[in-house]
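Comments concern the structure below.
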Amino acid sequence: MSRLMSLGVKRIHLLSALVFLGGLVPGAGASVLRDVRFWTVGDVTRVALETTEEVEYRQDRIGNPDRIFVDLFDVQPLKSFRGLAYTVPVGDGRVRQIRVAVNQAGVTRVVLDLDAPVTVSTTRLTKPDRIVLELRARAAGAVSGGPAPPAAPPSVESDPPPRPRLAAKPFVPPPVPLRKPSAPLAVNPASLPRVTLTAAARPLPVFASPVLRVSPPPRPASDAASAAARPDPVRSGLLRREEDTRIPRAAQQNRGGNRSLTRVLGLKLGRVVLDPGHGGADEGTHAPGGLVEKELVLDVALRLGKLLEERLGTEVIYTRTDDTFVPLEVRTEIANRKNADLFLSIHANSSPVRSVAGVETYYLNFTGSRVDMEVAARENAGSERTIGELSDLLRKIARQDKQDESREFAARIQAAAYELSAQTNGRIRNRGVKAAPFVVLIGAEMPSVLTEIGFLTNPREEANMKKPEHRQRMAEALYKGVYQYAQSLSHFRVARTAED
């Protein structure tokens, strides 16, 4: 928990904080609501309802005041509390508090009292079984994701009646006395500042609304030729409207000099899934100094996600945001279900030789390298695939277009990550882009890579990765790789005038 708090992620085990008030033991055959957790990351509030097994539930929304509830059927809390609601404050601007109570026999109700309009998406996850609600602030005019709250009934203490509205009358300015000028007024149009109204392009794929751009006035060709009456600013070109001047830019060729189908079709980047490796009982690599892989990569992923959202305007989805185990196959299922455009799995490496160091990035393909197969075998240890699924796995690995784009994506990530590593250790070698059959990448329907951000078994790299500032620099490097890959795809650029 102290680890998560250091990340700025607020997480409370609600039911573990309940005081035993006496009551019934869960009935035979009934599932148990084992834990309720919530955490806030950026503009997202997530609430996880963990049960002992998969359960039926109903989610709805009611108003006055606005709240969301989840009824869990044939479920008892860990310790019954005789119908008394237990409340935990959240106060993150979206959710005010969470309440848990036995609504009726065999039904446990969890209520989220809201402080602001939100959209809600719900996901069912396994190992452990849990229902995860993700709440985001709702933009004006957006659909709430649930039934709209009913209109509030008239208040007992009614407000004073509104004042009658007066009919609007056109404003007529008072007359201003004019004095005859002693000499004609000469205006030099070349001396006026040039104002260009243009559409300011945000990073892919969203573009900002028009803004005013003021540029210095051009140099006059001749002062004598510009002595004339004030020109019309639009006709003279001093004010131009350019919001329709976005010019589509074709995708670049990849590093092999070709264009994949993704590039030929002009596909763009809008949603990224970040996958912090391991989690829960699967802790990953343990460094000699005590650093644990699952904690390190979660921190880096959360930092990277914030950069992608703030700078690239990209929607970010995480396979996990806390110390939870997520099966390898489920991670790519999340990406496919969310129609993601990229999948980036973040890990830390290990070696029996302590001097081995550096970063390396993998994409999905077959390999003849014994070392790469050993890395894949270590990361695939949590897979639940069976031998009978081998032919299907081979077919998925062999998708050519996905291979091409994954290799290109991996090259961008590796170049940026190695640049950072070389800054901290000038003698380190570039371990490069490699291919290996990682289960976590199999089945992903989008370009997908796995990056190893360093060796925890190397004392120097472990010391660096313990530092928050190094983790932030690593997140910046990974962001640079994603950004450069996005820029290589088809996107829009804003036309510039010769003066810009």
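The values are calculated or read from the model by the stated rules, or taken from the named source; none is laboratory data. Remember, it's a predicted structure, so these values are computed and weren't measured experimentally. Glycine also receives a Cβ, built like all others from the backbone with ideal geometry; neighbour counts cover every protein chain displayed.
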**Complete:** For segment 328-373 the number of residues that are exposed (fewer than 14 other Cβ atoms within 10 Å of the Cβ) and at pLDDT below 90 is 6
**Fill in**
Checked segment 414-449 for anything aliphatic (A, V, I, L, M), within 23 Å of A287 (Cα to Cα) and out of contact with any helix residue (DSSP H, G or I) (no Cβ under 6 Å at 6 or more places or on another chain); matches are A422
**Message:** Of everything in segment 101-116, what is modelled with pLDDT of 90 or more and of a type outside the set (S, T, Y)? Give them in sequence order.
**Reply:** V107, R109, V110, V111, L112, D113, L114, D115, A116
**Message:** On the basis of being over 18 Å from T122 (Cβ atoms) and among the charged types (D, E, K, R), does R303 make the cut?
**Reply:** yes
**Message:** I'd like the full set of residues that are among the charged types (D, E, K, R) and in contact with a helix residue (DSSP H, G or I) (Cβ under 9 Å, 6 or more places away or on another chain), limited to segment 300-340.
**Reply:** R303, K306, R311, E315, R320, D322, D323, E329, R331
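Quick check on segment 19-31. Is at least one of its residues modelled with pLDDT of 85 or more and not assigned by TED's automatic domain parsing to the domain that holds E310?
Restricting attention to segment 19-31, the residues satisfying the condition of being modelled with pLDDT of 85 or more are 31.
Now drop any that are not not assigned by TED's automatic domain parsing to the domain that holds E310, which leaves 31.
Within segment 19-31, one or more residues are modelled with pLDDT of 85 or more and not assigned by TED's automatic domain parsing to the domain that holds E310.
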**Request:** Kindly check whether there is at least one residue in segment 467-484 that is touching a Phe, Trp or Tyr at 6+ places or on another chain (Cβ under 9 Å), among the aromatic types (F, W, Y) and in the same structural domain as A410 (by TED's automatic domain parsing).
**Result:** no
**Item:** Selected residue (criterion: farthest from the chain's Cα centre (by Cα)) from residues of segment 304-315 that are buried (at least 21 other Cβ atoms within 10 Å of the Cβ) and modelled with pLDDT of 95 or more
**Value:** L304
**Message:** Please verify whether R94 is at pLDDT 90 or above, loosely packed, with under 13 Cβ neighbours inside 10 Å and touching a strand residue (DSSP E or B) at 6+ places or on another chain (Cβ under 6 Å), treating the condition exactly as stated.
**Reply:** no
**Request:** Tell me which of these A410 doesn't satisfy, since it passes every other one: (1) free of Cβ contacts under 8 Å to residues at least 60 places away in the same chain; (2) surrounded by fewer than 19 Cβ atoms within 10 Å (Cβ to Cβ).
**Result:** (2)
**Asked** Yes or no: V47 modelled with pLDDT of 75 or more and in contact with a helix residue (DSSP H, G or I) (Cβ under 8 Å, 6 or more places away or on another chain)?
**Response** no
